1. Run the quick spin-label model on residue B:141 and residue B:61: label points 7 Å from Cα toward the beta carbon, then report their separation in nm to one decimal.
2. With an 8 Å cut-off on Cα pairs and a minimum separation of 6 or more residues, tell me the relative contact order of the stretch B:28-145 in percent.
3. Could you give the length gained on full extension between residue B:159 and residue B:189, defined as 0.36 nm per residue of separation minus the Cα-Cα distance, in nm?
4. Per DSSP H run of n ≥ 4, the term is -39500 (n - 2.57); total these for chain C, divide by its residue number, and report the mean residue ellipticity at 222 nm rounded to 500 deg cm²/dmol.
5. Would chain B count as rounded, prolate or oblate if I go by the C-alpha gyration tensor, calling it rounded below 1.5 in a/c and otherwise prolate when a/b exceeds b/c, oblate otherwise?
6. Among residues other than residue B:256 whose Cβ falls under 12 Å from its Cβ, what is the net charge (Lys/Arg +1, Asp/Glu -1)?
7. Let me know the shape class of the stretch C:153-217, please: from the alpha-carbon gyration tensor, a ≥ b ≥ c as square roots of the eigenvalues, rounded when a/c is under 1.5, otherwise prolate if a/b is greater than b/c, or oblate.
8. Under a Cβ-Cβ cut-off of 11 Å, what is the net charge of the residues other than residue A:40 that fall near it, where Lys and Arg count +1 and Asp and Glu count -1?
Amino acid sequence: MKPNLFLTLSLFFLLTESILAQGGADDFMRSTGKIYSVVAVVLILFLVIVVFLFRLDSKINKLEKQIHNE
Amino acid sequence: MKNWYKYLSVLLMIYVIIAGFLIPLKPGIQSFSPSKITIDPDKSSYLKIKTYNTHFQDAQQNKVWLKLPNDQLLRDEKVTILSQNELEVSFYIPSTLPDFNPQQDALTLIVENEIDGYTFYPDAVRVNDVSGLMTNRNEYHDISKINQVESFKFPYRHILHETIRNTFFHVAIWFAMFILLIYSCYHSLVYLRSKSLVSDKKSASATTVALVFGIAGILTGSMWAKYTWGTFWTTDIKLNMSATAMLVYCAYWFLRASVSDIDTRARLSAVYNLFSFVTLMILVMVIPRFTDSLHPGNGGNPALGGEDLDNTLRAVFYPAIIGYTLIGFWISNIYFRYLTLKEKVELI
Amino acid sequence: MIQRIFHIIKKDLVLDTRSRFSILAGLLYLVTITFVIFKLFGDISGPTRIGVFWIVLLFTSVNLVSDSFGHAGSRRMWNQYQLYEATEILAAKLLFNFAKVFAAGLFLLLLFRVFSNESLVNPPLFIGTLALAILGIITTMTLTSSLTVYAKNQSGLLSILAIPLLLPILLISMKVSLVSERMFFDTAINSNLLMLFGIDMILLVMSLIFISITWKS
């Protein structure tokens, strides 16, 4: 699962970087009173919790397999 | 009902997301030009004002005022509406204003109509005094003339704009993290008294979820910072304090990982948890008092200032804290069950 | 009780002096690191010099304190545990480590004086801050090193466990030392020193409470 975590993190940074690369004072994220930055914040929050839950899920799966084998 | 807190957390989060996104912002003044008026006793001065969330075209009585430091008001001569959020206004400003020092004071700009109520930009317009001519063409109005419209809307803050809604997502998750950490410390104490491994696992799982919330808090915080202050990472003390907390709890996990004996691990991590929590409390209490912070309502007081959190924000902010905390307990409960399962497998 | 504490210190001292190499090595470490720093920077002045001083002191104290409880299962530790109370051992270790790190700090100050050719503006204030900061640093580190006794990678774990906790002490002492060097002006210097002292006291009380829990086998 570790490569997956790195993948998610690097994807996140790539995404933010590509959005930011457009720059300027009137870019997408700053339009309509910066509401999209709030959307981004909610998305990040959701993604962090979901990634954690996925990792926990896979850990429990491993344990279940172990119990099943014994 | 056994799972009441799960349903409650879901309901609260639905409320927070819906209310947090749908309640509109109060109108506000975005920008105006020029910021400095040179008074000409024969002519009127013009100001172009750009606002946010106003309804100039729908409203019948658009008024613009300039407030003097002694709370007297100067009314506009003529208001020209360009669009819902733009207007041009002309003033006649007398060359000698009562109780006004052009070097120090500035006039507060107030825009008002019957739909939006009033909105103001404090100390906006500076005045260049040119001549000492006295004119009596001017009337001063009392501050009670301003039209107040009661509405349930979030306050408009300069620079922050709509991102004030992040209070419910970014700030609330920090509070939830702290509540989870306190819960974890409580279980560490219980462990040290009773030596039951159940409390150790409860404490460890609460710390894990707090760490996840903390990481989310740092990422969302840097996102917010990017669109208000322009950088991902600032030298702001609150940010660095939370980064320190993250370092400490990562170290807590390394400590747990590097001790193999279960009882020793539980004992040592409980001690480290309590010790580091007290040290972090020192950091939180002590440091902001002698450094200024970028965070709204700071510099001197680590808590949220009453001025910055008005009642409309509170109506969503407090439910958000409770919602996140309950979700945190829910996840930590799942993690606790995972740890229990793991222990059983290891014992086999 | 005080006699017993001094007894432990004496034992530690004997152990340290018996291998005279370790003291000389410590001194050489400080000389080398200072020399390298001044070569790399060329000429450090102002706040950077003070900051570098605190960082070097921090890592020196990690080195000096990390093995203060020895390794788990080593015979010496077990013997000590049999003979003395946990709080007595902690008090002895604190005094001993304080003396060691304070001596290292003074030596480091001397080295910085020699290399940078700048003398201290207000020596009593600077050295007082140094003493208070070192007290806090070694209290935190001694307690955390008692936690790492059972772990595999001791000194590495000690630095990640202890250094984040030292941030408040380092921030305050950095500020006070800048003021004492007249690089920064602040009238609330006494309250800062008092705060540092208060933090030291809280840390001391906490480590006296916790040591009897961690020091069990």
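Here, each number is a calculation from the coordinates, and none is a lab measurement. Remember, predicted model here, so these are calculated numbers, not experimental data. Don't worry about glycine lacking a Cβ; one is built from the backbone with ideal geometry, like all the others, and counts go over all protein chains shown.
1. My value for the distance between the label points is 0.8 nm.
2. Taking the mean separation of contacting Cα pairs over the length of the stretch B:28-145, I get 32 percent.
3. Difference between extended and current length: 6.4 nm.
4. So the helix-based figure for chain C works out to -27500 deg cm²/dmol.
5. prolate
6. With Lys, Arg at +1 and Asp, Glu at -1, the neighbours total +1.
7. Verdict is oblate for the stretch C:153-217.
8. Overall, the nearby charge balance is +2.
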